[in-house]
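Heads up: the structure comes next, in structure tokens.
The values are calculated or read from the model by the stated rules, or taken from the named source; none is laboratory data. For clarity, every value in this text was computed on a predicted model and none was experimentally measured. Cβ: placed from backbone, ideal geometry, glycine included. Neighbour counts: every protein chain shown. To get the accessible areas, we keep the full protein, side chains included, count just its heavy atoms, and leave off ligands, DNA and RNA. Shrake-Rupley method; radii C 1.70, N 1.55, O 1.52, S 1.80 Å.
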Amino acid sequence: MEKVISDIGVISEKGIESVSAHRDSNTDRKRKLYIESYGCQMNFSDSEIVTSILAKEGYETTSEASEADLILINTCSIRAKAEQTVRNRLNHFNGLKKNNPDITVGVLGCMAERLKSKLLEEEKIVDMVVGPDAYRNLPELVSQVDEGQRAVNTFLSREETYADISPVRLNSNGVTAFISIMRGCDNMCSFCVVPFTRGRERSRDPYSIVNEAKELFSKGFREVTLLGQNVDSYKWSANETLPWKAQIEKINEQDFVNFSQLLEMVALVNPKLRVRFSTSHPKDITDDVLNTMKRHTNICNYIHLPAQSGNSRVLKLMNRTYSRAWYINRIDAIRRILGEDCGISSDMIAGFCSETEEEHRDTISLMDYVQYDFSYMFIYSERPGTLAEKKLEDDIPEKIKKRRLSEIIEKQQEISLARNKKDLNKVYEVLIEGTSKRSDDFLQGRNSANKVVVFPKAAYKKGQYVNVRINDCTSATLIGEVDV
Ligand code: SAH
Ligand code: SF4
Ligand code: F3S
């Protein structure tokens with residue numbers, strides 16, 4: 001998370017075919033789009049929707065910001081550092097704009113939504129500010145900038161799900177893809193800016209989700225990850241107005257679809273299509289979902305279940321609406337229904353408002369109890385406008401936050417290594433995603449539990465399933481050989 005990836009890809013033929021309104025008026029050449037994404041997978045997925053919308057307007061993507069006519073930066077506000085990274089990038093683009101004043105620079109995503117037109121005042125280089133629900137409006141906003149104005153649209157919608165837009169897959173390995181199933185978040189975790197930047201929760205039509213999965217499978221993709229801030233609260237009912245609904249082929253038509261039913265619908269697309277999902281919320285994950293996972297072997301045996309803290313008082317202050325005991329009950333249900341091998345990961349926040357040493361140790365003891373395969377671990381960063389910023393004091397000194405974070409990281413590394421060692425001599429089915437990052441002689445993929453597995457290349461190809469016997473490991477990777 002919060003990693004920096006410049007992700008540009010090849011535009012599908014379908015994308016380039018259509019209208020080409022946005023051409024350079026002097027040369028009639030296609031305009032070039034450079035798009036850079038930060039933050040969570042939802043943002044990366046949105047950049048694929050944005051690219052699709054602009055491809056229909058005749059834009060071609062480029063991986064070189066210096067040759068772009070339009071530079072878009074899809075931003076994250078989750079922690080102060082994420083926003084600082086974006087500001088540094090804007091500074092960098094400022095240099096390019098000095099050489100070529102015709103470049104249009106647009107800020108998209110959560111920081112655009114949070115700061116709105118203030119961003120135009122604070123960052124002179126910015127021509128356009130576009131919130132996550134306003135991407136359909138991009139062609140008009142670009143035209144406004146062409147006419148010499150600066151453009152802002154940060155309207156948050158209660159309906160927009162971009163269900164009918166076929167994303168242009170960026171930076172794709174051709175094997176794994178993300179499918180956005182809902183937008184927004186109706187929880188109000190006191191530390192979190194997402195409800196303000198992404199708006200109200202809404203679920204996408206299940207039939208358009210199934211169609212997207214089918215299309216991906218037919219193009220050779222073998223794994224989809226269903227994305228939402230809280231996938232367990234996915235709910236869709238046929239009463240919702242969907243003008244384009246009549247166009248979709250319907251399987252098993254139902255009037256009401258919850259997350260467990262959606263999972264099943266996607267799993268039934270093809271037994272060779274792996275299905276993953278993220279993120280689950282401890283208050284909402286049901287035994288029903290766990291049982292659906294058990295029934296379908298192609299639904300991966302892995303759950304990302306962020307705890308945030310292991311202490312009930314802190315969880316209450318965070319407004320997570322579950323206690324330590326509730327969380328442990330959910331973990332016990334996962335182990336009972338899906339077994340010890342089920343991969344579990346978490347997000348943890350160190351040094352939340354008023355957290356004592358003892359409460360911090362409760363987080364570590366929860367980690368010991370659950371035995372997470374890995375975690376994303378963060379220092380608490382106060383965000384403007386959140387409940388915590390308004391009501392609680394950010395009173396843990398930076399030095400203590402850092403020390404607590406490093407203790408959490410150290411604990412996780414110890415547990416990850418122990419969990420990986422338990423996999424030695426086991427054989428796992430691995431979906432090959434490509435060449436190993438460390439060596440061209442090795443391939444890498446993941447097992448059902450989401451662990452990265454590396455093995456000698458031989459004649460195997462990406463997109464294939466192979467059985468790998470694990471014979472070595474680090475805290476981050478399993479290493480093995482194909483078991484023939
Ligand atoms: N919807 C997901 C998480 C989205 S944000 C969920 O509910 O779990 C991803 C992670 O960023 C959160 O799980 C949390 O651990 C972290 N995070 C969010 N706000 C933060 C803040 N203000 N400071 C530090 N970490 C934060
Ligand atoms: Fe933020 Fe909580 Fe919503 Fe996750 S569930 S996005 S942490 S408010
Ligand atoms: Fe960041 Fe927005 Fe995602 S704040 S984590 S990009 S929803």
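DSSP assigns beta bridges within the chain; of those with both partners inside it, close to 40 percent run antiparallel. For the stretch 176-420, the Cβ-based charge dipole about the Cα centre amounts to some 400 debye (Lys, Arg positive; Asp, Glu negative; other atoms uncharged). Among beta bridges identified by DSSP and lying wholly in the stretch 20-153, the antiparallel ones come to about 5 percent. Across the stretch 310-321, rounded Karplus estimates of 3J(HN,Hα) from the backbone phi angles (6.51 cos²θ - 1.76 cosθ + 1.60, θ = phi - 60°) give x, 10, 5, 5, 5, 4, 5, 4, 6, 6, 7, 6 Hz, Gly and Pro being marked x. Carbon-plus-sulfur accessible fraction, the chain (probe radius 1.4 Å, protein heavy atoms only): 49%. Of the residues 34, 58, 45, the one whose Cα sits farthest toward the positive end of the charge dipole of the chain, with +1 on the Cβ of Lys and Arg and -1 on the Cβ of Asp and Glu, is 45.
Packing here is the average count of other Cβ atoms within 10 Å per residue, and on that basis the peptides 276-286, 47-57, highest first, run 47-57, 276-286. Remark on the chain: 40, 76, 110, 185, 300, 342, 353, 473 stand apart, with no other cysteine beta carbon under 4.7 Å. Sorting 73, 337, 409 by accessible area puts them as 409, 337, 73; the probe is 1.4 Å, largest comes first, and only protein heavy atoms count. Amide H contacts under 5 Å for residue 442: 436, 457, restricted to partners 5 or more places along the chain or on a different chain, H placed in the peptide plane at 1.01 Å from N. The residue list 70, 99, 117 was ranked by how far each Cα lies along the charge dipole of the stretch 20-153 toward its positive end, using unit charges on Cβ atoms, and 117 comes out on top.
Spatial offset of the stretch 165-242 relative to the stretch 397-455 amounts to 26 Å, using the alpha carbon center of each.
Antiparallel beta bridges, as assigned by DSSP with both residues in the stretch 119-245, represent about 20 percent of the total such bridges. Surface exposure of the stretch 427-482, expressed per residue as accessible area with a 1.4 Å probe, stands at 49 Å². Dipole magnitude for the stretch 20-153: about 360 debye, using +1 per Lys or Arg Cβ and -1 per Asp or Glu Cβ, origin at the Cα centre.
Selection among 191, 85, 309 by position relative to the dipole of the chain gives 309 as farthest towards the positive end (Cβ unit charges, Cα centre). The mean of 1/r over all pairs of different alpha-carbon atoms in the chain, once inverted, gives a Kirkwood hydrodynamic radius of 23.7 Å.
Basic side chains Lys and Arg get +1 at the Cβ, acidic Asp and Glu get -1 at the Cβ, and with that the dipole of the chain about its Cα centre reaches some 680 debye. The 3J(HN,Hα) values that the Karplus relation (6.51, -1.76, 1.60; θ = phi - 60°) gives for the stretch 422-431 are, in residue order, 5, 8, 4, 6, 8, 10, 10, 6, 10, 8 Hz. Gly and Pro appear as x.
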